[in-house]
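The values are calculated or read from the model by the stated rules, or taken from the named source; none is laboratory data. Remember, it's a predicted structure, so these values are computed and weren't measured experimentally. Cβ sites come from the backbone with ideal geometry, for glycine too, and all protein chains shown count toward neighbours.
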């Protein structure tokens, strides 16, 4: 009798434990799915910040522009981290994330060059490189095969240097730091990595198209 009651209690406890575990797992999955839109929202927010940043440039409010630009730049790491950490990947996110970066950088370089804070030729090269990459990506995707893969290491280095250069330009315009020599050195690094990364993309597309890989 005691043995039967004990077995019955153990069975009830086991069913309750399984139900609780399943409930918790389902709750966790549902919670993650309900927030899967978050990386895309961060990317959209970064794009929406472009206009206020440009207006701050025009009004020479470089202190505020620096803070807002820094926030937008940091958001680039946030959406990528969330997508990888929780597997919140989507085709829309794959478009919005790089589009936000390129739009923010292109408009910032173009506006600051127009205002005389960045050499026009450097802004043209930076923007032209992005135009070539975007156009080349679309052509490869639709004429050759579906384009997949992460940005190359040199491309990531180039993007990082472009952000750093803009931060230094804003800081120099607003606070007189860093000096012109530092700006020249970082600008030269941007130029070199722009050329190398642009060539690397084009060469990779040509080689992949020829090899069929």
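Points worth noting:
- Any hit, the stretch 149-163, residues being modelled with pLDDT under 95, surrounded by fewer than 13 Cβ atoms within 10 Å (Cβ to Cβ) and assigned to a loop (DSSP other than H, G, I, E, B): yes
- Residue 196 meets each of the listed conditions (1) within 21 Å of residue 73 (Cα to Cα); (2) surrounded by 13 or more Cβ atoms within 10 Å (Cβ to Cβ); (3) at pLDDT 90 or above apart from (1).
- With respect to the conditions (1) exposed (fewer than 13 other Cβ atoms within 10 Å of the Cβ); (2) more than 17 Å from the chain's Cα centre (by Cα); (3) at pLDDT below 95, residue 84 lacks only one, and its number is (2).
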